[in-house]
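Asker: Just passing along the structure, written as structure tokens.
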Amino acid sequence: MMGDFSVGSERPSATRTQHAIRIMVLLDRCGEATIDGDPDSSVRVVRSELRLQAMDFWMRNPDYLADELISQVQSGNLDSSYLTTSSDLLDGAEPDLHWYPMPRWFYGAYEAIDDAVALLETYGLATFRRSGEVGSKSQRNMLFLNEKGAKAVVELEKDPVLSWYTRQAGLVALVAKDTVGSKLKERQYEQATYAGTELGLEIASISDRVRKRLSELGVSAIGGVTGDEA
């Protein structure tokens, strides 16, 4: 079982390859289908980097993702089995190996993705486009997953270790749905810890508070149901 996310929080930085894989899988699981006029061979797209950054935050922070799942269960959008999923996100064997905090900047959690996207483009897995006029406020970064990238995700899903990426991105898709990036950021700012982080500093863990929510709902730390609900 993993310990508290916030204890001994010195974490190695994710490699460029890890960043690239995470983005590629998010494009596959959370992107929308491409349309006429999009790059040839592209199959999925996220048309806003703001949305991609918000989803990447949940991908990299299992405690915040677990909290979102709990909220979705309580609002009736997901069934109660996702409470156990939330517990696994906090205390399973793998999540602490994939916890990579993000710093907060003016528009919330943000980390440059240029290097990771360049790597994906080098191997023909994804395509980057920028819409709008240069210097215009409406200019927008769009990330496309290519057919080759989609096939790579299929192979990842078969791997006993790397399939973590597809499972996690699937959960992110459940909570993000097709919500625009600005609204996802608003939801993340509802977390006092997130909102209260000083600019440039890493956003701290909320794992203790999430465990308390689960406990109040009768879910034990290892994913079981406790008390009269067992």
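The values are calculated or read from the model by the stated rules, or taken from the named source; none is laboratory data. Everything numeric here is computed off the predicted structure, so don't read it as measured data. Heads up, the Cβs are rebuilt from the backbone with ideal geometry, glycines too, and the neighbour counts pull from every protein chain shown.
Asker: What number of residues within segment 144-167 are touching a His at 6+ places or on another chain (Cβ under 8 Å) and modelled with pLDDT of 95 or more?
Answerer: Summing the residues that are touching a His at 6+ places or on another chain (Cβ under 8 Å) and modelled with pLDDT of 95 or more in segment 144-167 gives 0.
Asker: Follow-up question, since we're still on this one. Confirm whether residue 141 is modelled with pLDDT under 95 and touching a Leu at 6+ places or on another chain (Cβ under 9 Å).
Answerer: Taking the combined requirement at face value, the residue satisfies it.
Asker: For segment 108-216, give me every one of the helices (runs of 4 or more DSSP H) that falls completely inside it and has 2 or more residues that are out of contact with any strand residue (DSSP E or B) (no Cβ under 6 Å at 6 or more places or on another chain), without any contact (Cβ under 8 Å) to a residue 12 or more places away in the chain and within 17 Å of residue 30 (Cα to Cα).
Answerer: Those helices (runs of 4 or more DSSP H) span 147-158, 163-176.
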